[in-house]
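Everything below concerns the one structure shown next.
The values are calculated or read from the model by the stated rules, or taken from the named source; none is laboratory data. Note that the structure is predicted; figures quoted are calculated from it, not measured. Here the Cβ positions follow ideal geometry from the backbone for every residue, glycine too, while neighbour counts run over all protein chains shown. For the accessible areas, the whole protein counts, side chains as well, though only heavy atoms, and no ligand, DNA or RNA atoms are used. Shrake-Rupley method; radii C 1.70, N 1.55, O 1.52, S 1.80 Å.
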Amino acid sequence: MVKNLVIVDLGSNSTRMSIVKVDGCNFKEIKRVKKNTRISEGMGKSKRLTQNAMQRTVAVLKDFKKLYKQYPNIEVKAITTAAVRQAKNQKEFLSLVKKQTGMKIEVLSGINEAYYDYLGVHDSVKLKNYLIVDIGGASCEIIQVANHKQKELVSIPFGAVNLSERFKLNNKISAKNLFASQIYVYKRLCNLPWLRRLNLLPIILLGGANRALIKIHQNNQNNLQHKMQGYQLKPNDIFKIYQNLISIDNKQRSNIEGLEKERADIIIGGLLPLVEIIKMVNSKYVIFSESGVREGIINEYLKNGR
């Protein structure tokens, strides 16, 4: 029987919904929706989701439910990642969602999130050895793939939103704050000895910040017709964009073609981990992948025959 698999992905910065028609071993995405909910906003050192963030996220989930209820034979798979995973009031939020939407949300561990990234990317990349980097709002997943197989999976609890808030990277950036953020990220990455041993591996990019990076470059090159999947950049291209972004304030960043206004205040925090990883592994090029956690969930769903 043909099913409509609904995947709700509640990220730290945005919430997305995909509706996928599954017919045997075949699937086709028939609807995709994204809303900027920023559930991680204002968590800070308290590690508590704010009431405003929870309420606006629940409102979006209600809207999503109205949309997917229009389709027959639905099966809903709802997951959430770093912000809710780290939140001290996680149970309060999940209970609120269940009460107001009827939706039961699975909180992915960092390792499971990284694993779904790997499953999502695996079939879309022809490379044998590479590094996957998924930078979200409150975490960064890094996966080493060797001989087509996962070798290392790690999730680090920093991302676009919490780095931007912690080091005040959301407007005009001081040299002191930028340097402090770079040292912080570098030290966390140095805790991964296997990462420091890598050299010249291509990097597969996932996540909203990296998507914005590609769009900015495409606009700069007047290359708007090129698809996102498989789009390649060299480190110097990334460094130039990053250098420009850190030299201007939020209002100026908001006017950059290809960068969503809602992401302008967190783009520095979103690209910072990538810049440090590129320097650490001396990567010669990066490739953007449209596939990630949601596609990994679909692949697992098909594999399990349900």
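Just a few scattered comments:
- Members of region 269-306 that are of a type in the set (D, E, K, R), under 30 Å from ALA180 (Cα atoms) and not in a helix (DSSP H, G or I): LYS284
- For region 33-42, the condition of being open to solvent by 40 Å² or more (accessible area, probe 1.4 Å) and free of Cβ contacts under 8 Å to residues at least 40 places away in the same chain holds for at least one residue.
- Residue in region 206-220 that is farther than 22 Å from GLU262 by Cα, assigned to a helix (DSSP H, G or I), in contact with a strand residue (DSSP E or B) (Cβ under 9 Å, 6 or more places away or on another chain) and of a type in the set (A, V, I, L, M) present: no
- Checked against (1) in contact with a helix residue (DSSP H, G or I) (Cβ under 6 Å, 6 or more places away or on another chain); (2) open to solvent by 10 Å² or more (accessible area, probe 1.4 Å); (3) aromatic (Phe, Trp, Tyr), TYR71 meets all criteria but (1).
- Among residues of region 1-25 that are surrounded by 17 or more Cβ atoms within 10 Å (Cβ to Cβ), those with a beta-carbon under 6 Å from a residue that is acidic (Asp, Glu) at least six positions away or on a different chain give the pairs LYS3/GLU75; LEU5/GLU75; ARG16/ASP9; SER18/GLU29; VAL20/GLU29.
- Out of THR57, THR101, one residue alone is more than 19 Å from GLY159 (Cβ to Cβ), open to solvent by less than 20 Å² (accessible area, probe 1.4 Å) and in contact (Cβ under 8 Å) with a residue 24 or more places away in the chain. It is THR101.
- Residue that is farthest from LEU189 (Cα to Cα) [pool: residues in region 151-170 that are open to solvent by 80 Å² or more (accessible area, probe 1.4 Å) and out of contact with any Gly (no Cβ under 9 Å at 6 or more places or on another chain)]: LYS168
- Filter result for SER139 (under 17 Å from the mean Cα position of the chain (by Cα) and surrounded by 15 or more Cβ atoms within 10 Å (Cβ to Cβ)): yes
- Conditions (1) open to solvent by less than 20 Å² (accessible area, probe 1.4 Å); (2) in contact (Cβ under 8 Å) with a residue 60 or more places away in the chain; number of the one not met by ALA212: (2)
- Taking region 87-98 as the range and being surrounded by fewer than 20 Cβ atoms within 10 Å (Cβ to Cβ) and not hydroxyl-bearing (Ser, Thr, Tyr) as the test, the residues that pass are LYS88, ASN89, GLN90, LYS91, GLU92, LEU94, LEU96, LYS98.
- For region 43-54, taking the residues that are touching a residue at least 40 places away in the same chain (Cβ under 8 Å) and either touching a helix residue (DSSP H, G or I) at 6+ places or on another chain (Cβ under 7 Å) or among the aliphatic types (A, V, I, L, M) (or both), the one that is most open to solvent (accessible area, probe 1.4 Å) is identified as LYS47.
- Residues satisfying the stated conditions in region 104-131, i.e. under 14 Å from VAL145 (Cβ atoms), acidic (Asp, Glu) and surrounded by fewer than 17 Cβ atoms within 10 Å (Cβ to Cβ): ASP123
- Among the residues listed as SER283, SER254, SER247, the single one being free of Cβ contacts under 8 Å to residues at least 24 places away in the same chain and farther than 17 Å from ALA212 by Cα: SER247
- Each residue in region 248-268 was checked for being surrounded by 18 or more Cβ atoms within 10 Å (Cβ to Cβ), of a type in the set (D, E, K, R) and not in a helix (DSSP H, G or I), and 1 of them qualify.
- Filter pass, LEU245 being among the hydrophobic types (A, V, I, L, M, F, W, C) and surrounded by fewer than 19 Cβ atoms within 10 Å (Cβ to Cβ): no
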